[in-house]
Amino acid sequence: MGKKLNRQIVGSLAACVHCGLCTDSCHYVLTNPDDPTYAPAYKADRVRKIFKRHFDWTGQVFPWWVGASTVSTDEDLEELKDIVFGKCTNCRRCTINCPMGVDFATVNRMMRGLLVSVGVMPEGVAVVSKDQWEIGNQMGVLKEEYLETLEWMSEELSGELNDPGAVIPVDLTGADVVYAINPREVKYDPRSIADAAKIFHLAGEKWTMPSEGWDMTNFGLFSGDDDLGGAVARRLYEKVTELNGKKLVISECGHGYRSTRCEGPNWAGMDVPFEMESSVNTMLRYIKEGRITVDKSRNTTPVTFHDSCNNARSCGLTEEPRELLSLVVSDFREMYPNRSENYCCTGGGGAMSMTEYTPRRLKSARVKADQLAATGASVVVTSCHNCVDGLSDCIRHYKLSMQVTQLVNLVANALVVPVRVAVPGAVEAERVAPAVGPRVPLSLAGRTILVVDDEPDVLTFYSAVLQDNGATVFEATDGDSAIEIARREKPNLITLDLSMPGTDGGKVFETLRQDAELAGIRVCIITGRPELRRLIYDRAVFPPEGYLDKPVDEETLLRNVRKILEVHEQPAASRAAKD
């Protein structure tokens, strides 16, 4: 203990006045009101008595007066283990409610470290720590398994974007971003890796993932083992330095962010020569800088946000997630209390690995379940993989009708992909190969196009672009009038929105294909609802000649219209010679 004492810990051990204001802040106390052993002040006193006996003069002179005593038996060690591992998640909510600034979570972590140093800890803590010491990550993921997962996600991403260049780079030197993740993503949630890769790729980022030293989580924060904490942090820092990375981006994990960015340099005794930031900040910056485009109408399900204890209380990361949510979801409902006052997911402090304490952990989750239910949301979002598991347990145990997701999943779902996904039977949006000399767009004169969309701005934009290039344009704002104009005008092409009042675009498309008089009209679907794609291509009719996801810029619209109508561009020199 003497080696662990510093100003923060000594101040916390000496400053408690037993006012009791910490009591109502603890989710364990709120669900066990008749058991005083859950009170933060009571638990701190179990540690404080050892401090007083060995390091405070009052305890050395008058131990019976100040309640000082030492650790004498195995039972004493077991009592301490039960208190610091089984009755506290180190969420620090009691700390911010203490008028004296007593940081019980820091004291609790110190005592965990002392117990670990003499081999007294829950079995799960021992197993996870061993994996992180020996294999290099807390879930024991082998290098081969990790690299195979990245390769698998690369293949899926390339296929989804129809772009061979959309891959996950590994050990790329000189990258602007080195991306480190939670082992849980490899083992249980690889889709989050692909979503992040999609965002990096569309942002045009020069990024990479390391083949080793990629675990940004750190069980040393939970176990109180500073040696483990330093070794894990050093492993990651040295790998980023070896790759000459300019910035370390940390995937969504509360304790990973705190241990890597805030605590790790102290544990490792290193001056870190690169920037570090949460991927939440990275995604928000990409949107603000215009490097990626998002459409919040793609995330319409009501969502609420759970503040991770380590992100919010320990690192102040509270406003950035909400700003990002405001850009990618259309129905956000705040949870109360929130930010630094939010309640723990009950899975913090490594509690998910301590199975012997599961019953009391789930009992204390009643507080969080009530919080979640009160929002009326269908999805709870969190920027922490540990919270994903804790919240999932809580939702399952209390039978709530909710799902858990993370910001990276919502951002990826809201992404507007500038080059659309390849669809069998449809014309592909393709990159035009550069030619010698400037290109002159060939006029669409003599072509008739029916533009169908219920959004006035979109209708005006499409019409203006097509008319400026010589086309004769007709407009319709609903499905019924679209069919009527199609019968009357027999246009060469119809650009068709899917989600419209009255007869929707899907029914209009089917009607066109089943009508012998209209079946020959070429159709380009343009929609902001990519989830409806299946409803178009699963129909028992010939697929559309083109398909684009909104928003569509002028170049993309013209390129696809020309391809569908088999109108080709020519280099300026050739046009001039022909003229």
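The values are calculated or read from the model by the stated rules, or taken from the named source; none is laboratory data. Model, not experiment: these values are computed from the prediction. Every residue, glycine as well, gets a Cβ built from its backbone with ideal geometry; the counts of neighbours run over all protein chains shown. Heads up: the accessible areas ignore ligands, DNA and RNA and are worked out on the full protein's heavy atoms, side chains in. Shrake-Rupley method; radii C 1.70, N 1.55, O 1.52, S 1.80 Å.
Among the residues of the range 303-351, those that are in a helix (DSSP H, G or I), in contact (Cβ under 8 Å) with a residue 60 or more places away in the chain and closer than 30 Å to V128 by Cα comprise C309, N310, N311, R313, S314, P321, S340, E341, A351.
On the basis of being within 19 Å of C309 (Cβ to Cβ), loosely packed, with under 14 Cβ neighbours inside 10 Å and not hydroxyl-bearing (S, T, Y), does G101 make the cut? Give the derivation first.
Working: within 19 Å of C309 (Cβ to Cβ): yes; loosely packed, with under 14 Cβ neighbours inside 10 Å: yes; not hydroxyl-bearing (S, T, Y): yes.
The answer is yes for G101.
Counting only residues that are basic (K, R) and under 12 Å from the mean Cα position of the chain (by Cα), the range 162-200 holds 1 of them.
A single entry from I193, I181, I250 fulfils the requirement of being over 30 Å from L115 (Cβ atoms) and open to solvent by less than 10 Å² (accessible area, probe 1.4 Å): I193. For the range 459-481, the criterion of a residue being under 38 Å from the mean Cα position of the chain (by Cα), part of a helix (DSSP H, G or I) and among the aliphatic types (A, V, I, L, M) is satisfied by at least one position. Of the residues making up the range 29-36, one or more are surrounded by 21 or more Cβ atoms within 10 Å (Cβ to Cβ), under 29 Å from S259 (Cβ atoms) and not acidic (D, E).
For the range 487-503, filtered to residues that are under 14 Å from I525 (Cα atoms) and either among the aliphatic types (A, V, I, L, M) or without any contact (Cβ under 8 Å) to a residue 60 or more places away in the chain (or both), the residue that is most open to solvent (accessible area, probe 1.4 Å) is S499.
Residue check: V107 meets all listed conditions (1) open to solvent by less than 20 Å² (accessible area, probe 1.4 Å); (2) touching a residue at least 40 places away in the same chain (Cβ under 8 Å); (3) part of a loop (DSSP other than H, G, I, E, B) but one, namely (3).
Of all residues in the range 504-519, those that are free of Cβ contacts under 8 Å to residues at least 60 places away in the same chain and closer than 13 Å to I494 by Cα have Cβ atoms under 6 Å from Cβ atoms of residues that are open to solvent by less than 40 Å² (accessible area, probe 1.4 Å) and of a type in the set (D, E), 6 or more apart or on another chain, in G505/D497.
Name every residue in the range 394-420 that is surrounded by fewer than 20 Cβ atoms within 10 Å (Cβ to Cβ) and more than 19 Å from the chain's Cα centre (by Cα), in order of residue number. Correct list: R396, H397, Y398, K399, L400, S401, P418, V419. The set of residues in the range 5-15 being over 17 Å from G59 (Cβ atoms) and in contact (Cβ under 8 Å) with a residue 12 or more places away in the chain consists of Q8 alone.
Entry remark, the range 121-156: residues being over 18 Å from K187 (Cα atoms) and surrounded by 17 or more Cβ atoms within 10 Å (Cβ to Cβ) number 3 in total. Each residue in the range 294-318 was checked for being within 15 Å of the chain's Cα centre (by Cα) and surrounded by fewer than 19 Cβ atoms within 10 Å (Cβ to Cβ), and 1 pass.
Within the range 42-67, restricting attention to residues that are under 30 Å from N342 (Cα atoms) and in contact with a Leu (Cβ under 9 Å, 6 or more places away or on another chain), which residue is surrounded by the fewest Cβ atoms within 10 Å (Cβ to Cβ)?
R46
Taking the stated definitions as given, is E160 in a helix (DSSP H, G or I), open to solvent by 10 Å² or more (accessible area, probe 1.4 Å) and over 30 Å from T23 (Cα atoms)? Here the answer is yes, as E160 does meet what is asked.
Every test in (1) farther than 14 Å from Y42 by Cα; (2) open to solvent by 40 Å² or more (accessible area, probe 1.4 Å) is passed by N90 save one, and that test is (2). Pairs are defined by a Cβ separation below 6 Å, a sequence spacing of at least 6 or placement on different chains, a first member in the range 140-168 that is more than 26 Å from P418 (Cα to Cα), and a second member that is open to solvent by less than 50 Å² (accessible area, probe 1.4 Å) and part of a helix (DSSP H, G or I); the pairs so defined are G140/D131; V141/P183; V141/V186; Y146/V186; T149/V186.
Taken over the range 507-526, the criterion of being in contact with a Ser or Thr (Cβ under 9 Å, 6 or more places away or on another chain) and either more than 16 Å from E455 (Cβ to Cβ) or at pLDDT below 85 (or both) is satisfied by T511, L518, V523, C524. Note on the range 1-28: residues that are open to solvent by less than 70 Å² (accessible area, probe 1.4 Å) and part of a loop (DSSP other than H, G, I, E, B) total 8.
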